[in-house]
Amino acid sequence: MATPPGPPGAVLDAVLERITYANEETGYTIARVAGARTGSELITVVGPLLGAQVGESLRLTGRWTSHPRYGRQFEVWSYLTVLPATVQGIQRYLGSGLIKGIGPKMAERIVDHFGTATLEIIEKEPGRLAEVPGLGPKRTRLIAAAWEEQKIIKEVMIFLQGVGVSTSIAVRIFKQYGEASIAVVRGEPYRLAADVWGIGFKTADTIAQAVGIPHDSPDRVKAGLRHTLSEAADDGHCYLPVPNLVTDAVKILDVPAGLVAACLEELVAEQGVVREDVPTGENVVPAVYLVPFQRAEQSLAGSLLTLLNTGRDRMPGFATADWDRALSWLRTRTGADLAPEQADAVRLALTSKVAVLTGGPGCGKSFTVRSVLTLAHAKKARVILAAPTGRAAKRLAELTGHEATTVHRLLQLRPGGDASFDRDHPLDADLVVVDEASMLDLLLANKLVKAVAPGAHLLFVGDVDQLPSVGAGEVLRDLLAAPQIPRVRLTQIFRQARQSGVVVNAHRVNTGLHPVLEGMDDFFLFPCEEPEEIAALTVDVVARRIPARFGLSARRDVQVLAPMHRGAAGAGALNTALQEAITPAREGMPERRYGGRVFRIGDKVTQLRNNYDKGAAGVFNGTVGVVTDIRPDDHNLTVLTDEEESVEYAFDELDELAHAYAVSIHRSQGSEYPAVVIPLATSAWMMLQRNLLYTAVTRAKRLVVIVGSRRALAQAIRTRGAGRRHTGLTHRLQTIP
């Protein structure tokens, strides 16, 4: 935050007592501090304090202001962390959680022993810490090392704050580069966008300008082009047409189109990106890919066609089966007849090396898959079941009665994302079934298909009308658009399913019809208009009404699915309100603030990125869990994931976690919940689309409650959704020999 023009600012030395509010996106913070000259009187400070920890002594630069409602307060322009001088300040500083190995009780013991000399002793004679009862040599060394690291971090922080970097971002930079942080930031600032999670091009560009990189530097323009393609990938596109890429990059970079086009040519020549012509219908598009996406499309198409066309067959008995007899035997095992579409799908899965089974809720996909498995197991086939998320895999196992795993765990992804199973080390399976295939993005689908052994059968199962994957690509839709890939679409809704308001209304929404609300005991609309009113009613429905009427647990059984993250009725604000209603602060229970979030034992949380270094085999974007333990002395907390794995998070890794009382509809894919609550506000107008609402409704097993505007609901049903993503997989499936 730049210092406002005008007279020099005032300086306030104070100890941070508590954070009242913090916005992680802007850094804006409201906090209470104890001033060095104000005794016990607390002062309200406002401004960019994100990253400062409770207990730290701060030197705040800013100005005194008067708020019409809240009175006198200090507006912060910038801050530095300073070492405290009093016994109380030193004890609070050491016990605040900054130094690993020292919690509040240990801090009290150390300061009782060394008094005001404590910090000097830790700095110059750390071995003397062993004099304190309860501190052995091992813990003493740990504290000394943590103190040294803090010193280096402080040096890096001071430099980075000087070039406009917030404290929380500075911590991530230091974790990536260590002592080389300053050299990297000065010499290669655009590396930050590629190397440091949470730093985008805009932040790197701000830093680059602060260290003197010219506005029209080719390095800046090339970084901007890569960023534009990366942003497009975040929106689901595998490539961008050249005109779109140049136009979007010009907007970001604010430089002439000619310079962008020239730098694009250089980037192609340097093989930083790939340019090729991609046919789309009657047109040919000049496409530009980031290298991993172009290679993945080529590889996935080649692998699928190789599987499909190989002469080998690991289940040869089905090619010559007497299907009337096989289906008759199957009926004796399952106690039910297959519908004609289902019988076609069973035959296809067991005779074709690659096949797709799609259809909406209540159409019998699960029963069809169980039938495929029953016949495959009767022939002693080795079968693997997988799904993109832990919840989806758990649900698949429950529906089929057979063990299922996530695709990530199946492939045993290692740090860096490489798979233990691939073309040279294939999976030992005769049949691989992948459920919720609409969630498969291009990169994960490529890894999976490469690991399927020649002659094995691969069955994709999913609902193509749901939202496409969070990651780039539209794999299931592209497969269904390629004539080479055999498929069956189930369309018949079975009688039992027709009695469910959730199923009936899901199909109505999918065909552009308004849901039936009268006479339904599992599908409700609570109409209200204003986002704040929608948010308050959503919290009441989740925390009080559903548990009281249906006997469901607000934390375990009810999931809020929001179209957007931002806004009063968005997932972000709802998480704060739902946490206060479901998991409020409790006397004597530890909690940990990170930026604008407070983590408490019992919190429902979700992982925000793939981290291959966590857990037994990585923890992946979208994994949901519950906080089961918080240990201030050890600087970490524990999350029990939905795959029943306990995963440790250091306090400085909490940027990887977000609360999950409310999640975006995109993040809910592949999951199923007993009850779903959907807040719909007209403020989310651009996101109100049919496939978004359809996906949310189909996540519910027993109950759907829509809270919000009838106008917003009508808009979501009326709007068919965004245009197709830029992908080339269908084209490649039709052209690779």
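The values are calculated or read from the model by the stated rules, or taken from the named source; none is laboratory data. Given the structure is predicted, the values throughout are model-derived calculations rather than measurements. Ideal geometry is used to build each Cβ from the backbone, glycine not excepted, and the neighbour counts take in all protein chains shown. Areas reflect the complete protein model, heavy atoms only, side chains present, ligands, DNA and RNA absent. Shrake-Rupley method; radii C 1.70, N 1.55, O 1.52, S 1.80 Å.
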Helix 531-540: inclination vs the chain longest Cα principal axis, degrees, rounded to 10, gives 80
Two decimals is fine: what is log10 I(q)/I(0) at q = 0.19, 0.24 Å⁻¹ for segment 673-737, from a Debye sum with one equal scatterer on every Cα and no solvent?
-> -0.74, -0.97
Rounded if a/c under 1.5, otherwise prolate or oblate - segment 475-626, Cα gyration tensor axes | oblate
Ranked highest first by average number of other Cβ atoms within 10 Å, how do 304-317, 523-536, 674-687 line up?
-> 674-687, 523-536, 304-317
Carbon/sulfur fraction of accessible area - segment 655-720, other protein chains in place, 1.4 Å, % | 50
Could you please state how large a percent of the accessible area of segment 383-525 is carbon and sulfur, counting protein chains only and using a 1.4 Å probe?
-> 49
Computed over segment 179-304, protein heavy atoms only, probe 1.4 angstrom, the accessible area per residue in square angstrom equals 46
Once the Cα atoms of helix 571-582 and of the chain are each reduced to a long axis, what angle between those two axes, in degrees from 0 to 90 to the nearest 10, is obtained?
-> 80
Please sort 617-628, 328-339 by packing, taking for each peptide the average over its residues of neighbouring beta carbons within 10 angstrom, highest first.
-> 617-628, 328-339
For the chain, find the longest principal axis of its Cα atoms and tell me its angle to the long axis of helix 104-114, 0 to 90°, nearest 10.
-> 30
Any lysines with Cα under 27 Å of the Lys202 Cα? List them, leaving off those in the same chain fewer than 8 positions away.
-> Lys154, Lys175, Lys222, Lys251
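Using helices alone, what [θ] at 222 nm do you get for the chain, with -39,500 (n - 2.57) per DSSP H run of 4 or more residues, divided over all residues and rounded to the nearest 500?
Details: 27 runs with 281 residues, N = 737.
So the helix-based figure for the chain works out to -11500 deg cm²/dmol.
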Accessible area of segment 370-459 divided out per residue, in Å², using a probe of 1.4 angstrom = 37
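Sort the following peptides by mean Cβ neighbour count (other Cβ atoms within 10 Å, averaged over residues), highest first: 239-251, 172-184, 577-589.
Numbers: 239-251: 18.9, 172-184: 16.7, 577-589: 14.5.
Result, highest mean Cβ count within 10 Å first: 239-251, 172-184, 577-589.
In what sequence, largest accessible area first, do Lys380, Lys365 appear using a 1.4 Å probe? Numbers along the way, then the final one.
Numbers: Lys380 170, Lys365 40 Å².
Most to least solvent-accessible, the answer reads Lys380, Lys365.
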